[in-house]
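So the structure is just underneath, and the comments pick up after that.
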Amino acid sequence: ITWNESPAVGKKIVAPKSLKLPKIICLSDVENKLLGKQGSAQIYGPQKGASKQEVVLIESALKNFQKVIGKNLNKKFYGASGALPVALCGVLGGKIKKGTDEIFKIIKAETLVKKAGLILTSEGCLDGQSLFGKAPFEILKLAKKHNKQIVFICGKNKLKNSVLKRYTNLKVAELCALAENENDSFVNAKVYLKKVLGDLYEKS
């Protein structure tokens, strides 16, 4: 890949015509766009430790990157993994697909859900980011569709009851709620997880 810059041409990234690549299919685990309030920098930057100033800088860099490859990729799925799909698809000609859809097809997730008596799924933090196509929340949708009991085990739950009530037969088991404090939940996660699973076993 070459970087061309001149007063006449401007800045652009050009993939060599002789570059021989296999077919690239990019599976995105979230539906976030590249830019904006629900974009890569503003949603995932703070999660990875970026300050407000750094988020602004990252957003600006992503806008510039989109500009130099000469394509508008501010679309769903392109905000995943630090906007890696922009390079894979925008420069190297890959195709992007919703990751959970493709993985669920491979493992026949819907068939498994139909057969299940109880479904357990989990995520470190259950929050607004979980709603953007992540696998655990997609499992909730399947469980609701087939009226299955589901237990969502998480370290911390930040979603409002009004959101959770949309999913029938859902129980949220929050490890932080069982612990003395957040640090205790990290140190003794195994203890609290055993308690959650033990309680489920006794009730079954």
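So that you can scan it fast, the table gives a plain yes or no per residue for (1) of a type in the set (Ser, Thr, Tyr); (2) modelled with pLDDT of 85 or more:
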| site | (1), (2) |
| --- | --- |
| 107 | no, yes |
| 118 | no, yes |
| 129 | no, no |
| 136 | no, yes |
| 152 | no, yes |
| 155 | no, yes |
| 177 | no, yes |
| 183 | no, yes |
| 204 | yes, no |
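Is there a residue in the stretch 77-89 that is open to solvent by 40 Å² or more (accessible area, probe 1.4 Å), modelled with pLDDT of 90 or more and closer than 19 Å to residue 128 by Cα?
no
How many residues are within 18 Å of residue 141 (Cβ to Cβ) and small (Gly, Ala, Ser) if we restrict to the stretch 154-174?
Of the residues in the stretch 154-174, 1 are within 18 Å of residue 141 (Cβ to Cβ) and small (Gly, Ala, Ser).
I'd like the residue in the stretch 19-29 that is farther than 11 Å from residue 98 by Cβ and assigned to a loop (DSSP other than H, G, I, E, B) and, out of all such residues, is most open to solvent (accessible area, probe 1.4 Å).
Filtering the stretch 19-29 for residues that are farther than 11 Å from residue 98 by Cβ and assigned to a loop (DSSP other than H, G, I, E, B), the one most open to solvent (accessible area, probe 1.4 Å) comes out as 20.
What number of residues in the stretch 157-186 are over 25 Å from the mean Cα position of the chain (by Cα) and in a helix (DSSP H, G or I)?
Within the stretch 157-186, residues that are over 25 Å from the mean Cα position of the chain (by Cα) and in a helix (DSSP H, G or I) number 2.
So, of the residues in the stretch 189-202 that are at pLDDT 85 or above and under 26 Å from the mean Cα position of the chain (by Cα), which turns out to be least open to solvent (accessible area, probe 1.4 Å)?
Among them, the one singled out is 196.
Select from the stretch 30-51 the residues that are open to solvent by less than 30 Å² (accessible area, probe 1.4 Å), over 17 Å from residue 73 (Cβ atoms) and under 14 Å from the mean Cα position of the chain (by Cα) and list them in ascending order.
45
Enumerate the pairs (first residue in the stretch 93-110 and surrounded by 12 or more Cβ atoms within 10 Å (Cβ to Cβ); second residue anywhere and assigned to a helix (DSSP H, G or I)) with beta-carbon separation below 6 Å, excluding pairs fewer than 6 apart on the same chain, so at least 6 apart or on different chains.
94/88; 96/85; 96/89; 100/135; 100/138; 110/142
Out of everything in the stretch 52-76 that is within 16 Å of residue 12 (Cβ to Cβ) and open to solvent by 40 Å² or more (accessible area, probe 1.4 Å), what residue ends up being modelled with the lowest pLDDT?
Out of the qualifying residues, it is 70.
Could you please let me know if residue 138 is part of a helix (DSSP H, G or I) and open to solvent by 40 Å² or more (accessible area, probe 1.4 Å)?
no
Run residue 42 past the list (1) more than 27 Å from residue 164 (Cα to Cα); (2) in contact with a Gly (Cβ under 8 Å, 6 or more places away or on another chain) and report the number of the one that doesn't hold.
(1)
Restricting the first residue to the stretch 138-165 and requiring it to be under 20 Å from residue 107 (Cβ atoms), which pairs with a second residue that is among the basic types (Lys, Arg) meet a Cβ separation below 7 Å and a spacing of at least six or different chains?
146/114; 151/171
The values are calculated or read from the model by the stated rules, or taken from the named source; none is laboratory data. Only a predicted model underlies this, so the values are computations on that prediction, with no experimental measurement involved. Counting neighbours? That spans all protein chains shown, and the Cβs are built from the backbone with ideal geometry, glycine included. Just so you know, the surface numbers come from the protein's heavy atoms only, side chains and all, with ligands and any DNA or RNA stripped out. Shrake-Rupley method; radii C 1.70, N 1.55, O 1.52, S 1.80 Å.
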